[in-house]
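Notes to accompany the following structure.
Throughout, read-outs are computed from the coordinates displayed, never taken from laboratory work. Since we're looking at a predicted model, the values are computed, not measured. Heads up, the Cβs are rebuilt from the backbone with ideal geometry, glycines too, and the neighbour counts pull from every protein chain shown.
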Amino acid sequence: MIRIYILIVVVMAMAGVGYAAKYYYDTTQATIATLRENNAKLEGAVETAEASIALMQQNAAKLQELNNQLSANLQKAEAYGDELRGKLSRMNLVQDALKDAARLEGKMNGATAKLWREFMGDTGNPEQRDLPEWLRRQEPGTGDQSSNQNSSSTDTNSVETETPTAE
């Protein structure tokens, strides 16, 4: 009878060890599966992060290029502004207006019309029908050509005036 009890105890011990081994195996396999899933997610996150970094580097390069273009355009605009300030400092608009108001009006209207057409062209709408009425009508002394009759140029960008010599 003692042999039967010892045999039962040994069988129960072996069953306990077997169950413990099975439990350890199952939990280890579950942990490995969880780690694989997490590893796959991390690899996806790393790929996304690397793609984001590459995109950020491309954007930084584009921004630097655009910044350089902007700086160059700013320098051109400042130079043009300096040129205009110089021309205006050499002119006496009040005296010119008193001497020949119609000619000055023609020049001003011509320059304004040219600027208006450039604005319309820059915004993708260069058609004449969209111009204000005062730019469409052609009256003597106004329009988009210079009223300077001594010049063969139709350039409306000129702000220089001719002053008659005193006699």
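How do 117, 36, 3 line up, fewest other C-beta atoms within 10 Å first? Intermediate results must be reported in sequence, preceding the final value.
Numbers: 117 16, 36 10, 3 7.
If I rank by nearby Cβ atoms, fewest first, I get 3, 36, 117.
For residue 76 and residue 119 in the same chain, what is the full-extension length gain: residue separation times 0.36 nm, less their Cα-Cα distance, in nm?
Values: separation 43, 0.36 × 43 = 15.48 nm, distance 1.84 nm.
13.6 nm is the gain from fully extending residue 76 to residue 119.
Within 13 Å, Cβ to Cβ, of residue 42, how many net charges do the neighbouring residues add up to if Lys/Arg are +1 and Asp/Glu are -1?
Numbers: positive: 36, 41; negative: 37, 43, 47, 50.
Here the count lands on -2.
List the lysines whose Cα sits under 27 Å from the Cα of residue 114, skipping any in the same chain fewer than 8 residues away.
Here the lysines satisfying the reach criterion relative to residue 114 are 76, 87, 99.
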